[in-house]
Amino acid sequence: MPTPRITDLPDEVRSLIEKASGRITDVGTVQGGLNSSIAVTVQTSNRTLFVKGLPLDHPRVWTQQREADIAPYVRGIAPELHWFVEADNWSLLGFQHVQGRHADFTHGSPDLPVIASVMAQLAELPSPGIELKAMAHRLRGYVDDPADLTWFEGDSLLHTEWNPQNVLITDTGALLVDWGWASTGAAWIDPALWLLWLIAHGHTADRAEGAASAHPAWKLAPRQGLDALARTQERLWNSIAAQHPDEWAQPMQAAAQVWNRHRQHQR
């Protein structure tokens, strides 16, 4: 569920930023980043930063630590993390500011092969030496048969949150942001989760799977594993939509239903 956004920086947040990066000369709002209480561009005397933050008592504040932990392992495919501070009731991350735009997921978008490329780069990274949740663990509540969870096992680093706002298109390629839900699992899971967002943005299930097939790991994806993931995603998004009947969840619920029906018809 999106987190309400604070539009004016609290004094304690401004102070923490200035301690880390110097005197603030300008602050700009950011439209994306629905999971943060604070998401701003900050200009100091010598650099521009993107700063995101949550109160320390926020139920998802742990995602801030997760992003800080994973930053050293995703250099080159994510903005550089300059600092991470937790003090005065706030958790703040200060990133390199990137000139770019959010990805276009619609059919025919020139962004799609660029996204597939950065996703393939991610799959080549070694599993980081930090504790991450496994996809089999994350999806355990959405299977009828616990044996289905074995399809999701693996040690590949996965982003898992393929909202187009989490992909920045730059002059040189694509960068991935918002790593709070990074996990480990089978490498084909990321392109499979991406295709749900493609369906939600107007692709047919066939077209979405065609885009996902550009990922090298897709060729290794077992049919039974894809079928199992489609079932779990429909159950997951049905649950999310029931708990949060807002417009943001409904397209994803519909996309998960479309993909699961498509997989059933392929048998």
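Remarks
- Overall shape: oblate for the range 109-154, with the ratio a/c of the largest to smallest alpha carbon gyration tensor axis at 1.5 or above and b/c at least equal to a/b.
- With Cα atoms, 0 to 90° folded angle of helix 11-21 axis to the chain main axis: 90 degrees
- Pairs of alpha carbons in the range 11-96 separated by more than 22 Å make up 20% of all such pairs.
- Cα gyration tensor, the range 101-265 - rounded (a/c under 1.5), prolate or oblate: rounded
- Other-chain or far-sequence residues with amide H under 5 Å of LEU56's (modelled H): TRP90, SER91
- Per-residue HN-Hα couplings for the range 78-91 [Karplus 6.51, -1.76, 1.60; θ = phi - 60°; Hz; x = Gly/Pro]: 8, x, 5, 8, 8, 7, 9, 10, 10, 6, 6, 6, 10, 10
- In degrees, nearest ten, helix 250-265 long axis to first principal axis of the chain (Cα): 30 degrees
- Our estimate of slack between LEU125 and ASP145, defined as 0.36 nm per intervening residue step minus the Cα-Cα distance, is 4.1 nm.
- Applying 0.36 nm per residue to the separation of ASP57 and GLN266 and subtracting their alpha-carbon distance, the gain on full extension is 70.6 nm.
- Between VAL30 and ALA87, full extension at 0.36 nm per residue minus the direct alpha carbon distance yields a gain of 18.2 nm.
- Prolate/oblate/rounded label for the range 46-196 (Cα gyration tensor, a/c 1.5): oblate
- Remark on GLY202: its backbone amide H falls under 5 Å from none of the residues 5 or more positions apart or on other chains, H modelled at 1.01 Å from N.
- Rg/Rh for the range 158-220, where both radii come from Cα atoms and Rh is the Kirkwood radius: 0.96
- As a proxy for reagent exposure, LYS52, LYS133, LYS219, LYS19 were ordered by neighbouring Cβ count within 10 angstrom, fewest first; the result is LYS219, LYS19, LYS133, LYS52.
- Take the Cα of HIS137, step 7 Å toward its Cβ, do the same at GLU80, and the gap between the two points is 3.2 nm.
Quick note: the coordinates plus some simple rules give every number you see, no bench work behind them. On a predicted model such as this, the values are computed, not experimentally measured, just so you know. When we count neighbours, we look across all protein chains shown, and the Cβ atoms used for this are built from the backbone with ideal geometry, even at glycine.
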